[in-house]
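Laboratory data are not the source of any read-out in this text; all were calculated from the coordinates shown. Remember, predicted model here, so these are calculated numbers, not experimental data. All Cβ positions, glycine included, derive from the backbone under ideal geometry; neighbour counts span all protein chains shown.
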Amino acid sequence: MEWFDIKVILIQFSGLSRDALHVLLGVGAQILVASVPGQSLAKFWPWLAVLVGALLNEWYDLNYETWPEIDVQYAESIKDVTVTMALPTVLLLLARFAPRVWSGRRSSRQ
């Protein structure tokens with residue numbers, strides 16, 4: 001069974017669109033890596049792990065399938081990486097620069 005087959009099974013089993021799976025798997029992978037002792041959502045490693053995974057996935061897709069219009073295929077790959085990285089990027093930025101969002105505490109200046 002190849003990676004492409006696993007992806008098709010995930011899509012069929014979940015009933016979700018490919019884009020939705022990109023979003024969920026990206027955030028899930030980031031949280032999983034952030035749960036390793038010594039890591040957190042505020043560190044770059046979980047975000048970087050998602051980026052590497054997304055790029056490897058798209059590299060595989062580009063080499064596995066060849067679309068008649070290669071520019072459309074590249075555009076789809078760029079969209080996939082963007083969709084995958086959007087929420088992990090937001091989580092990283094919030095965890096690093098607005099950690100109070102997670103704690104629920106209000107600023108003492110309010």
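Assorted remarks:
- The tail of the calculated P(r) for the range 15-92, taken as Cα-Cα distances beyond 22 Å, holds 27 percent of the pairs.
- The label point for residue 17 and the one for residue 98, both projected 7 Å from the Cα toward the Cβ, are 2.5 nm apart.
- Exposed-site-free run, longest, the chain (rule: trypsin sites (Lys or Arg not before Pro); DSSP loop; at most 13 other C-beta within 10 Å): 1-104
- Selection of GluC sites (Glu not before Pro), the range 35-110, meeting DSSP coil and at most 10 other Cβ within 10 Å: 65, 69
- Using the Karplus relation 6.51 cos²θ - 1.76 cosθ + 1.60 with θ = phi - 60°, the per-residue 3J(HN,Hα) values for the range 41-55 come to 5, 7, 8, 6, 4, x, 5, 5, 4, 5, 4, 4, x, 5, 5 Hz, with x marking Gly and Pro.
- Taken along the Cα-to-beta-carbon direction at a fixed 7 Å, the label points for residue 36 and residue 24 span 2.4 nm.
- Student exercise, the chain dipole from Lys, Arg, Asp, Glu Cβ charges, in Debye to nearest 20: 1240
- Formal net charge of residues neighbouring residue 12 (Cβ-Cβ distance under 13 Å; K, R +1; D, E -1): +1
- Each Cα pair under 8 Å and six or more residues apart adds its separation to the average, and for the chain the resulting relative contact order is 30 percent.
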